[in-house]
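Take a look at the structure below.
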Amino acid sequence: MNYTRNELFSIAKRYNNLKRTYLIVNKKQAKYLPSKPSETFAMTNALAKKMWQSGVKDENTLVIGFAETATALGRLIADHFSQAFYLTTTREEITGKCIEFKEEHSYVVEQRIAIEALSKSHSFSQVVFVDDEFTTGRTLRNLAQELLKEVPSLRNSKKFAVTIIDRTNEENKAKLKELGIEIISLLSFTDDNFEEQVKDIEITEPEKVPETSKEIITVDHLGNIPNARLGYACGGINTLAKNLLKRYKNQIQQANNILVLGTEEFMAVPIYFAREIEKFGKSVVCHATARSPIGVLKRDRDESRVLDKDTSTTEYPIKKGYKLVSFYQKDRNTYLYSMNHYDLVFVLTDSKEISKGAIKTLSSLMSIYKNYNTKLIQFTD
């Protein structure tokens, strides 16, 4: 399947980030915008097809998904290999040996990746880095340089960078080739000026949600699941999703309009669960909270305004945005965009300890949209 720019993304303006003022908002990735699971999987399948056509082999492969936005995308790509070890970068604290690197344009610069499992495991014939977008490739280079230094067994592995959108110029492609990395993408272009495109758009900060005294969310504590931040051999996620469908089948049968919501880096299990609900015949969308503050279009502006027809972007994508307490750290914010009313909402998280503030702000937001049938599924040890 061939996609156009307009089919895949719109451009938003970052809130209070002068290092890079714009953000590419993928319409099908199930991150910032609600997405149908079938469309997310179709996009990923198209990317996997390009991967095979570009020389990637179905061999023993290390797949690395970049946090925050590509943790699910990486897991979906890993599923296309018969034998894959999946690992994500993270901004969370992790145990064991790890290396740190920088995502210099990001709102949160510091990233890390666990390497303890890599040093213990056998060598991989391929390394596939997965991100939703490469602009200069600098973050990829930062990680690859540190990874090859600390894990010598990967130096002779073939290396690919798989992405939805590639905007790297020839100079930056050459720098990646020096590390042995070839980029494979669904879309590739450099003829954009997104900084200029968002310059005059008037935005406001996502709305802060107050803590409510009435908690409307019911919580289920389920068992532990493999942790992608530490790495694991792929397999079992489809079974997990099917088991979730079986567990909540009665509630799902009674609902017509369902949301499955992930939390920050925890996006893979939600999209697989949403796909099972969709296969069951229900209308369902999936997206996730995020650490990135995105500018919300000011309400007094014409919300149907087209930004720039020449770059194939359509309407400004973020018209509703909310600031909540993070599930992962009580003194930091998380953001949720494009919320709506649903008959049934599932919120999935792998946070081990959720603060009262996180539950109360989420309850407050769900009350605003009359999402009184909201279930939080917490995967715990």
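Bear in mind these aren't lab numbers, they're just calculated from the coordinates by the rules spelled out. Bear in mind that the values here come from a model prediction, so they are computed numbers and not experimental data. Neighbour counts are summed over all protein chains in view; Cβ atoms, including those assigned to glycine, are modelled from backbone coordinates with ideal geometry.
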Quiz prompt | Prolate/oblate/rounded label for the range 131-272 (Cα gyration tensor, a/c 1.5) | solution = oblate
Self-check item: For the range 5-198, alpha-carbon Rg relative to the globular expectation (2.2 N^0.38 Å, N residues)
Solution: 0.99
Quiz item: Taking a spot 7 Å from the Cα of H341 along the direction of its beta carbon, which residues of the range 257-279 have an amide N less than 19 Å from it?
Solution: 257-260
Quiz item: For the range 167-235, what D do you get in µm² per second when you plug the Kirkwood radius from alpha-carbon pairs into Stokes-Einstein at 25 °C and 0.890 mPa s?
Solution: 129
Quiz prompt | the range 203-379: relative contact order in percent, alpha carbon pairs under 8 Å with at least 6 residues between | solution = 34
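So for S351, S10, S125, S82, fewest C-beta neighbours within 10 Å to most, what's the order?
On the way: S351 18, S10 22, S125 13, S82 9.
Final ranking by Cβ density, sparse to dense: S82, S125, S351, S10.
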Quiz item: Add -39500 (n - 2.57) for each DSSP H run of 4 or more in the chain, then divide by its residues: what number comes out at 222 nm, to the nearest 500 deg cm²/dmol?
Solution: -7500 deg cm²/dmol
Exercise. Of the DSSP beta bridges with both residues in the range 203-379, give the percent that are antiparallel, rounding to the nearest 5.
Key: 30
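For a quick check: sort S35, S213 by the number of other beta carbons within 10 angstrom, fewest at the front. Each step should come with its number before you reach the end.
Values: S35 21, S213 8.
The fewest-first ordering by Cβ neighbours comes to S213, S35.
At a threshold of 8 angstrom on Cα-Cα distance, excluding pairs fewer than six apart, so keeping six or more, what relative contact order does the chain reach in percent?
The value is 20 percent.
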Quiz item: Dipole size in debye (nearest 20) for the chain around its Cα centre, Lys and Arg Cβ +1, Asp and Glu Cβ -1?
Solution: 700
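Run through the DSSP bridge list for the range 52-199 and note the antiparallel percent, rounded to the nearest 5.
On the way: 6 of 31 bridges.
Around 20 percent of the beta bridges assigned by DSSP in the range 52-199 are antiparallel ones.
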Quiz prompt | the range 106-198: relative contact order in percent, alpha carbon pairs under 8 Å with at least 6 residues between | solution = 29
Self-check item: Charge dipole of the chain about the Cα centre (unit charges at C-beta), most positive-ward option of N250, V209, N227
Solution: N250
Self-check item: Choice from K360, K27, K330 with maximal GNM fluctuation in the chain (Cα, 10 Å cutoff)
Solution: K330
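If r is the Cβ-Cβ distance from S125 to A42 and R0 is 22 Å, what FRET efficiency results, to the nearest 0.05?
Values: r = 28 Å, r/R0 = 1.28.
Taking R0 as 22 Å, the efficiency between S125 and A42 is 0.20.
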Quiz item: Over the alpha carbons of the range 203-379, what is the largest minus smallest coordinate on each principal axis, giving the biggest first in Å?
Solution: 46, 39, 37
Practice problem: Among I113, I216, I184, rank each residue by its count of other Cβ atoms within 10 Å, from fewest to most, as a rough exposure measure. | Solution: I216, I184, I113
Exercise. Give a residue-ordered list of calculated ³J(HN,Hα) values for the range 282-299 (Karplus: 6.51 cos²θ - 1.76 cosθ + 1.60, θ = phi - 60°; whole Hz; x for Gly, Pro).
Key: 9, 7, 9, 10, 9, 7, 8, 5, 8, 8, 7, x, 10, x, 9, 4, 4, 5
Quiz item: In the chain, what % of DSSP beta bridges are antiparallel (nearest 5)?
Solution: 35
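Taking every pair of Cα atoms in the chain, average 1/r, invert it to obtain the Kirkwood radius, and report Rg/Rh to two decimals.
Numbers: Rg = 20.0 Å, Rh = 21.2 Å.
A ratio of 0.94.
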Quiz item: For the cross-link pairs K208/K356; K97/K330; K36/K298; K279/K352; K208/K330; K214/K375, which exceed 23 Å when the distance is taken from alpha carbon to alpha carbon?
Solution: K97/K330; K36/K298; K279/K352
